[in-house]
Amino acid sequence: MRRPMVAGNWKMNLGRSEASALAQGLVDGVDDVNNAEVLICPPYVHIADAEAIVSGSAVQLGAQNLSDQDAGAFTGEISGAMLKDYSCTHVIVGHSERRALYGETDELVAKKFAKAQEHGLIPVLCVGELLEEREAGNTESVVARQLDAVIQANGIAALENAIVAYEPVWAIGTGKTASPEQAQEVHAFIRNKLADMDSGIAEGLRILYGGSVKSSNAEELFSRADIDGGLIGGASLDAAEFLAICRAA
């Protein structure tokens, strides 16, 4: 049985005091969440404060990105080793905003995925299609291409210690949400595709849904057979709302 996970991607939001208050609010309420794993991914500058707050609690700490390099003259980058120094357990790789706004290619995402695992971090691999790609009927081919880049570079076994997040780009921050049926269809496609390579890994892989999830639609989304939780954006910035989503998982 796959244990559900709800991950909060804070993106570039919140000042220091706000971020600390949010982390504390989650720690104070996480005991009511029951079975779901809870992960927060603050901006880099808030990770140290968050580490101190969540230490010893059920709230896990992750980052929103990492470098594909270990060290050196890479101004503005953060290595996997640096994240491990601050007790991070997970890191998001290939988020649609990194792909679209910063030109991250499938090949670069595959390198970051590998680097995360080299440093003992669990990568949360994001895949998903643009609106025009969905309308053209290319959702499955886009998702397959993004998955294949990681598998070809790292092998199917690498997914045994990873999480996949399906995020339809057209439903991120737009207020639009894929219907539970649409989301389940893509999640099932991902699992079936991987099952053709390794049925055990496919069955054990947690596939999160990311795309305007909120407490009002979380339960219906998470009740689907292949949706194992959520990667939450805006709704993760409110402790009560985020905890309600976690309880739905």
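The values are calculated or read from the model by the stated rules, or taken from the named source; none is laboratory data. It should be emphasised that the depicted structure is a prediction, and the values quoted were computed from it without experimental measurement. A quick note on method: Cβ atoms are made from the backbone with ideal geometry, for glycine too, and the neighbour counts reach across all protein chains shown.
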Among the residues listed as V6, V38, V45, the single one being β-branched (V, I, T), assigned to a helix (DSSP H, G or I) and out of contact with any Pro (no Cβ under 9 Å at 6 or more places or on another chain): V45
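How many residues are more than 17 Å from M12 (Cα to Cα), polar (S, T, N, Q) and in contact with a His (Cβ under 8 Å, 6 or more places away or on another chain) if we restrict to region 50-91?
We begin by selecting, within region 50-91, every residue more than 17 Å from M12 (Cα to Cα); these are 51-60, 67-75, 79-90.
Those left that are additionally polar (S, T, N, Q): 55, 57, 60, 67, 69, 75, 79, 87, 89.
With the extra rule that they be in contact with a His (Cβ under 8 Å, 6 or more places away or on another chain), the set shrinks to 60, 79.
Of the residues in that region, 2 qualify.
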Residues satisfying the stated conditions in region 1-39, i.e. crowded, with 21+ Cβ neighbours inside 10 Å and among the polar types (S, T, N, Q): N9
Search result, residues across region 66-92 that are under 15 Å from P43 (Cα atoms), outside any helix (DSSP H, G or I), in contact with an Asp or Glu (Cβ under 9 Å, 6 or more places away or on another chain) and in contact (Cβ under 8 Å) with a residue 24 or more places away in the chain: L66, S67, S79, Y86, S87, C88
G230 at pLDDT below 95, within 16 Å of the chain's Cα centre (by Cα) and within 17 Å of G128 (Cα to Cα): no
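Find the helices (runs of 4 or more DSSP H) located wholly in region 167-249 whose residues include 3 or more that are among the aliphatic types (A, V, I, L, M) and under 17 Å from A36 (Cβ atoms), and list them. Quick ask: steps written out before the conclusion?
Working: elements: 180-195, 199-204, 215-222, 239-248.
Once the helices (runs of 4 or more DSSP H) in region 167-249 are filtered for at least 3 residues that are among the aliphatic types (A, V, I, L, M) and under 17 Å from A36 (Cβ atoms), what remains is 239-248.
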Which listed residue is within 19 Å of L121 (Cβ to Cβ) and hydrophobic (A, V, I, L, M, F, W, C), from A158, A195: A158
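Can you find, within region 127-143, the residue that is nearest to F189 (Cα to Cα) among those that are of a type outside the set (A, V, I, L, M, F, W, C) and surrounded by fewer than 17 Cβ atoms within 10 Å (Cβ to Cβ)? Give the steps one after another, and end with the answer.
Keep residues of region 127-143 that are of a type outside the set (A, V, I, L, M, F, W, C), which gives 128-129, 132-135, 137-141.
Next, only the ones that are surrounded by fewer than 17 Cβ atoms within 10 Å (Cβ to Cβ) stay: 132, 135, 137-138, 140-141.
Working: E132: 19, E135: 17, G137: 14, N138: 13, E140: 7, S141: 10 Å.
My answer is E140.
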Whichever residue in region 144-166 is among the hydrophobic types (A, V, I, L, M, F, W, C) and in a strand (DSSP E or B) and, among such residues, is surrounded by the fewest Cβ atoms within 10 Å (Cβ to Cβ): I163
